[in-house]
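Q: Below are the structure tokens for one structure; questions will follow.
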Amino acid sequence: MKQVSKQFLQSLKFPIIIILVLWGIHIFQFISGGSLGYLGIYPKHLSGLKGIITSPLIHGDFNHLISNTFPLFMLTVTINFFYRKIALLSFTLIYLLTGIVVWIFARPVYHIGASGVVYGLLSFVFWTGIFRGNIKSIVLSLVVTVLYSGYIWGILPVKEGVSWESHLFGALVGIVIAFALRKNIEIDEEKKVYSFEMEDEEEAQYFLDRDTFNR
């Protein structure tokens, strides 16, 4: 129990840092009265490449920031706690690849906000449950389905001023990363072999009972 508590506290560090950075940047933007929207991704333009790194850190207003804060924090904590082996790798790949795909395929407007990363993490957790098929991953998949089922509409171009491309491409990237890392299982996901199963396997190696000629 003590070990679990320690691991949980450790899993909070990175998500807290991310959220503090997002809020720090937005508060600076608010106080300065300026706009950092130019740091977003502008597809198919060299000047927009910097947005692959910076766009998830920039938000249009506090409502935009708040709407991304909770799911980003919860999903990042989830992968940090339950998928420790691949947490940093999966987050980094989702962060960068979502931005790259948006830069290649999205509309020529500035795309800002962490929602693409949120959709990537959400998709990653869900599809990891599908690809791995163990109890823990399936339960996590079901949990995110219940909590974030309404997010499905975000991948459609139904709302003005929303980067639905970031949502869609983030979700697709999440699927790819979940599939690519499906075999990097945690210790608690490994199938346990019980003693009676080992005995059955050992018996199966013999055509006749081992004590047949002793009778």
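Q: Want the number for Leu96 to Phe8: 0.36 nm per residue separation, take away the alpha-carbon distance, what's left? Numbers along the way, then the final one.
A: On the way: separation 88, 0.36 × 88 = 31.68 nm, distance 2.58 nm.
My answer for the length gained is 29.1 nm.
Q: Another question, if that's okay. Helix 195-204: angle to the longest alpha-carbon principal axis of the chain, degrees 0 to 90, nearest 10?
A: 60
Q: Would you mind pulling out the separation of the Cα centroids of the stretch 134-186 and the stretch 110-124, in Å?
A: The distance from the Cα centre of the stretch 134-186 to that of the stretch 110-124 comes to 9 Å.
Q: Within the stretch 131-161, report the trypsin sites (Lys or Arg not before Pro) that DSSP leaves as loop and that have at most 15 other Cβ atoms within 10 Å.
A: Numbers: sites: Arg132, Lys136, Lys159; in loops: Lys159.
Passing both the DSSP loop test and the Cβ count: Lys159.
Q: Relative contact order for the stretch 2-189: what is it in percent, counting Cα pairs under 8 Å that are at least 6 residues apart? Provide the component values of the computation, followed by the final result.
A: Working: 266 pairs, mean separation 44.7, N = 188.
Relative contact order of the stretch 2-189: 24 percent.
Q: Another one. Once you put a point 7 Å from the Cα of Lys159 and another 7 Å from the Cα of Asp188, both along the Cβ direction, what distance in nm separates them?
A: 3.3
Q: Once the Cα atoms of helix 62-82 and of the chain are each reduced to a long axis, what angle between those two axes, in degrees from 0 to 90 to the nearest 10, is obtained?
A: Approximately 20 degrees, to the nearest 10.
Q: Could you run the Karplus curve 6.51 cos²θ - 1.76 cosθ + 1.60 with θ = phi - 60° over the stretch 47-60 and give me ³J(HN,Hα) per residue in whole Hz, x for Gly and Pro?
A: Ordered by residue, 3J(HN,Hα) equals 5, x, 5, 4, x, 4, 8, 8, 4, x, 8, 10, 10, x Hz.
Q: OK, next. Given the options Ala180, Ala171, Ala106, which has the most mean-square fluctuation in a GNM of the chain, springs set between C-alpha atoms less than 10 angstrom apart?
A: Among Ala180, Ala171, Ala106, the largest GNM mean-square fluctuation belongs to Ala180.
Q: Can you match P(r) over Cα pairs in 10 Å bins from 0, in percent to one of these, [x] 8, 29, 30, 15, 7, 5, 4, 2, 1, 0; [y] 8, 29, 29, 20, 10, 3, 1, 0; [z] 8, 34, 35, 19, 3, 0, based on a calculation from the structure here?
A: [x]
Every number in this text was worked out from the coordinates using simple rules, so none of it is lab data. Here the structure is a predicted model, which means the values were calculated and not measured. For neighbour counting, all protein chains shown are included, and Cβ atoms are generated from backbone atoms with ideal geometry for every residue, glycine included.
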